[in-house]
Each structure stands twice: as structure tokens, then as C-alpha cells.
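First the structure, in the form of C-alpha cells, and then the observations on it.
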DNA sequence: ACGAGTTAATTGTACCAGCAACTACCAGCC
DNA sequence: GGCTGGTAGTTGCTGGTACAATTAACTCGT
């Protein structure tokens, strides 16, 4: 718990310093950047992030006001929507990426050996998957 | 990030269900339980927990109102104080401990093999120490 | 084709956390 | 001894998050 908070807080500071975005919101952009260009459903985005659905709604509100993402209608489900990066959002993400990876290194990866990283990656994926179930 | 949030949220739910205390507050009791009976300085307690100094002040307020801990004057520093468990706090902690360990197993340890646990314990300790520096 | 039950997303509310500013106290130096 | 710089803990304030209840739309059985 202490370690995870230390990493999260350090990353959050760096993220804010780099592009003014809290870590959670930067992470949303990153997830969107890896997804299809058509966008991602809010529920899926919440599951891939650290937010609940309600938290996601507010975060999307903020990012939309900032012009970094947009809500599109979902063609296959009238209730739903698709969240997608705008051109500006894509640009912000690309610009911030190098510093973001450096921050990961500084706060986390640099403390680990190569085999430790492999072990931990597997463990974290298993736990995240279990949390989703 | 996703994995750590999953574990933390799961543990928090279980902690609240078990003794009505949020995970962060239960954790404070646990840290106090492992420390000397004379108590721990707030600054040290904050460093050993997931809270900042200001967050710790409020958490201590709540736990003190609940009668689980008490603030004592610090003999060696007139500004400072010593936070210590009350008898009631010790009792609550002892009663909740078994379920707390089961929760750790359920949400975290059961997903890992024995060597993975050893690796991760070392890594987390290193990172927590780096965060303290 | 219609209704019951389910799921997607939002909103009202309450709470918790952090930052920055503040007060009180300590320590070291002249 | 008194002054200067630093440390311990608290408080005003703001913002973010979750929970629970709500609205709208989908799905399946008949």
C-alpha cells in the first residue's frame, strides 16, 4: 500500500508538471491512444482505468471541456457512446509520452531488475484481471 | 495502477464490512499495533501510512473520537505528540486481524506463488523506502 | 409486438485527501 | 540571552471520488 501510494503520488506530480493533467486523466488519454480510433465505450474505459463509472463521467466531462476527447454516439447502442481522442488530445498525449515513460522509470522501473519486472508484470495483470471479474 | 486500485478497493470494502473502519484507518491501527507501546510520532505515522501529514491529522481526529487511539504529549518535544492505541483500539485491532489477513490473501496473496511473493515483497520495500527519501 | 428485467450512463450527495498558509516550538549561533 | 532558520502539527479551502438513485434504451420470452 505504501509503495503504490508513493509511486502514484510521484507520478501524479510529474504528470501535472508535464502537461497540467492529473495522472488519472493522462492515463485515460493513454488508454484511448492504444484503443481503436473509433473510440472506447465508457464502461470499458472505466474498467481499464482506476475510476468507477461515475468517476469516469466527471473525468470525461473535464477532458471534453479541455477539448482533448469527444463523446460520439454509439451506432450499435443508443444508450451508449464512444469516447475518442480529438486531434488536440492526440497531440497532447504524444507530446507528453516521453516524459511519462521517464516518470515510470524514475518512480518504478528503475528500482527493479529485469527479471523482477517480468515477474511483476505477470502478477499485476493477473490481479487486474481478477479485479475485473 | 489498475491492479493496485483493485486490491485497495477490495480491501477497503472488506475492512469496512468487518469493523466499520476504512482501510486507511485500519492500517493506522495496524502500524500502531506494531510500534512501541509509548506511541508513534504523527510525522512517522504519516510516513508509514498512505496519508500526508494533513490527512493524518483528520484520520487521527476520527480515530480519537471513536476512542481507538489517544494523543499523548511528547516528553522530548513540546510541539510534538505521541499517538498510541487505547485498550479499545487494541481490542478492535486484535478482533479484526484474522479477517484482515484473509482479505490480504483473497485480494492479493492468493494470486501469487511463493517465489513471486518474495520477489514482490523486496521490490515494494525498496520502492517504499525510495518514496520516503 | 409487448412487457419484465437488465444494462449504459449521469447526477445528487457526502466524504475524504492534499495543498498551502499558519501557529507553536525547537536548535544553533553570535 | 536573543535572534534566525527550520520543524511539528493543525486548519481553511478546494477538488476529486464513490455510492446510491435515476433515466433511457436494449433484450428476451411469449
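The values are calculated or read from the model by the stated rules, or taken from the named source; none is laboratory data. Quick caveat: nothing in here was measured; it's all calculated off a predicted structure. Reconstructed Cβ throughout: ideal geometry from the backbone, glycine too, with neighbour counts over all protein chains shown.
Criterion first (surrounded by fewer than 16 Cβ atoms within 10 Å (Cβ to Cβ) and either at pLDDT below 95 or in a loop (DSSP other than H, G, I, E, B) (or both)) does residue B:115 satisfy it? Criteria not met by residue B:115.
Of the residues making up segment A:1-56, just one is over 15 Å from the mean Cα position of the chain (by Cα), closer than 24 Å to residue A:73 by Cα and either within 11 Å of DNA strand C (Cβ to nearest atom) or outside any loop (DSSP other than H, G, I, E, B) (or both), namely A:54. Of the candidates A:48, A:59, the single residue that is surrounded by 14 or more Cβ atoms within 10 Å (Cβ to Cβ) and within 9 Å of DNA strand D (Cβ to nearest atom) is A:59.
For beta carbons closer than 7 Å, sequence separation of 6+ or different chains, a first residue in segment B:8-33 that is farther than 13 Å from residue B:50 by Cβ and more than 13 Å from chain A (Cβ to nearest Cβ) and a second that is in a helix (DSSP H, G or I) and within 14 Å of DNA strand D (Cβ to nearest atom), the qualifying pairs are B:21/B:15. Pull up segment B:97-111, narrow it to residues that are under 20 Å from residue B:35 (Cβ atoms) and within 14 Å of chain A (Cβ to nearest Cβ), then point me to the one that is nearest to the chain's Cα centre (by Cα). Among residues in segment B:97-111 that are under 20 Å from residue B:35 (Cβ atoms) and within 14 Å of chain A (Cβ to nearest Cβ), the one nearest to the chain's Cα centre (by Cα) is B:100.
When B:84, B:66 are checked against the criterion of being within 16 Å of DNA strand C (Cβ to nearest atom), at pLDDT 95 or above and closer than 21 Å to residue B:51 by Cβ, a single residue qualifies: B:66. Out of all the residues in segment B:74-96, which are surrounded by 15 or more Cβ atoms within 10 Å (Cβ to Cβ) and within 19 Å of the chain's Cα centre (by Cα)? Listed by number, the residues that qualify are B:81, B:82, B:83, B:84, B:85, B:86, B:89, B:90, B:92, B:93, B:96. A count restricted to segment A:57-103 and to residues that are part of a loop (DSSP other than H, G, I, E, B), in contact with a helix residue (DSSP H, G or I) (Cβ under 6 Å, 6 or more places away or on another chain) and touching a residue at least 24 places away in the same chain (Cβ under 8 Å) stands at 1.
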